[in-house]
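Working notes, structure below.
The values are calculated or read from the model by the stated rules, or taken from the named source; none is laboratory data. Since the structure is predicted, the reported quantities are computational estimates derived from the model, not experimental observations. Here the Cβ positions follow ideal geometry from the backbone for every residue, glycine too, while neighbour counts run over all protein chains shown. Keep in mind that these areas ignore ligands, DNA and RNA; they rest on the heavy atoms of the full protein, side chains included. Shrake-Rupley method; radii C 1.70, N 1.55, O 1.52, S 1.80 Å.
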Amino acid sequence: MDGIIVIRKEKGYTSHDVVAKLRGILSMKKIGHTGTLDPEAEGVLPVALGKGTRLVDMLTDKEKTYEAVLRLGVVTDTQDMTGTVLEEHPVDVAEEQIRETVKGFLGEQMQVPPMYSALKVNGKKLYELAREGKVVERKARSVFFYGIQIQKIDLPLIKLTVTCSKGTYIRTLCNDIGEALGCGGCMESLVRTKVGRYTLEEAHTLAQVEEARDQGTLSDLIFPVEEVLGEYPQLICTKAGDRLLQNGNPLIQELVKGEAKEGWVRMCDSAGRFAGIYQWNPGKQRYFPVKMFI
């Protein structure tokens, strides 16, 4: 069971809860998720199994798509409807003003992480400090919005589809849009519909994973490591290079059939078995290992 299983996280579970429950369902310890979702949010959560855990950093970097509902006129301490209401304002904004304001958030933005988040400051999570009534200074971070589409305006609610970079808080986007409109706002609901190539249609609930385990069809739900990395070209080394490859050593071009000297490649042994991700180093004239999976 090495690879990625796409979980549909349900409301009420933390991402850590999902990992803990999967460890019990699958009877394995080496499991890790690829990006935190708030307990009240739901949707796509790719989870890495076994050797697939070496993919976590690669998948965390992928862009993500969300369906969010923004409620104008309400400001809370958590930036969503689970928090304490701090302010309420009448919502008197024109549809065109909303569309122009939302458009202004496209591209690179500097976003201040919310106090109610899992980021750590001096070894302590921000939400732990927030629960103690403490507010600490947070540095603004660069995030990128590839797309923000307004699906429906039914004031005070606005339904949005957002595609963004890693590290983006949709709660904060909702808060910032409300602030820019002068009436405040917070997030009503959130569903993550896509992470990289993985969509909501491919996601399975924990109950469905348990059912597949009982029926002996669990492997049907798991994307093998090499398939996850299928976007990178495949190279095969010669028999003379097999031993070097098995030990994770660099390979000269003469030990590799074919060539791909731009970006990452999937390096396989002479029998076609996937071994790891390599990259050509033009200065040293060799393919060097980036991440091994053997």
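Below, the figures for the structure above:
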| item | result |
| --- | --- |
| Exclusive hit being among the aliphatic types (A, V, I, L, M) and either free of Cβ contacts under 8 Å to residues at least 40 places away in the same chain or open to solvent by 20 Å² or more (accessible area, probe 1.4 Å) (or both), set Leu155, Leu160 | Leu155 |
| Filter result for Gly147 (in contact with a strand residue (DSSP E or B) (Cβ under 7 Å, 6 or more places away or on another chain), in a loop (DSSP other than H, G, I, E, B) and under 30 Å from Glu231 (Cβ atoms)) | no |
| Among the residues listed as Gly263, Gly185, Gly276, the single one being open to solvent by less than 40 Å² (accessible area, probe 1.4 Å), at pLDDT below 95, in contact with a Lys or Arg (Cβ under 9 Å, 6 or more places away or on another chain) and of a type in the set (Gly, Ala, Ser) | Gly276 |
| Residue tally, condition modelled with pLDDT of 80 or more and over 17 Å from Gln79 (Cα atoms), over the stretch 116-140 | 1 |
| Any hit, the stretch 70-77, residues being open to solvent by 20 Å² or more (accessible area, probe 1.4 Å), in contact with a Phe, Trp or Tyr (Cβ under 9 Å, 6 or more places away or on another chain), at pLDDT 95 or above and not hydrophobic (A, V, I, L, M, F, W, C) | no |
| Matching strands (runs of 3 or more DSSP E) fully within the stretch 163-282 where at least 1 residues are farther than 29 Å from Ala41 by Cα and either in contact (Cβ under 8 Å) with a residue 40 or more places away in the chain or more than 22 Å from the chain's Cα centre (by Cα) (or both) | 234-237, 264-268, 274-281 |
| Any hit, the stretch 35-50, residues being open to solvent by less than 50 Å² (accessible area, probe 1.4 Å), out of contact with any Ser or Thr (no Cβ under 6 Å at 6 or more places or on another chain), outside any helix (DSSP H, G or I) and farther than 23 Å from Val162 by Cβ | yes |
| Residue list for the stretch 69-101, filter: without any contact (Cβ under 8 Å) to a residue 40 or more places away in the chain and either among the hydrophobic types (A, V, I, L, M, F, W, C) or assigned to a helix (DSSP H, G or I) (or both) | Val85, Leu86, Ala94, Glu96, Glu100 |
| Flag if Leu206 is modelled with pLDDT of 95 or more and crowded, with 18+ Cβ neighbours inside 10 Å | yes |
| Given (1) at pLDDT below 95; (2) surrounded by fewer than 19 Cβ atoms within 10 Å (Cβ to Cβ); (3) closer than 25 Å to Asp61 by Cβ, number of the condition Gly147 does not satisfy | (1) |
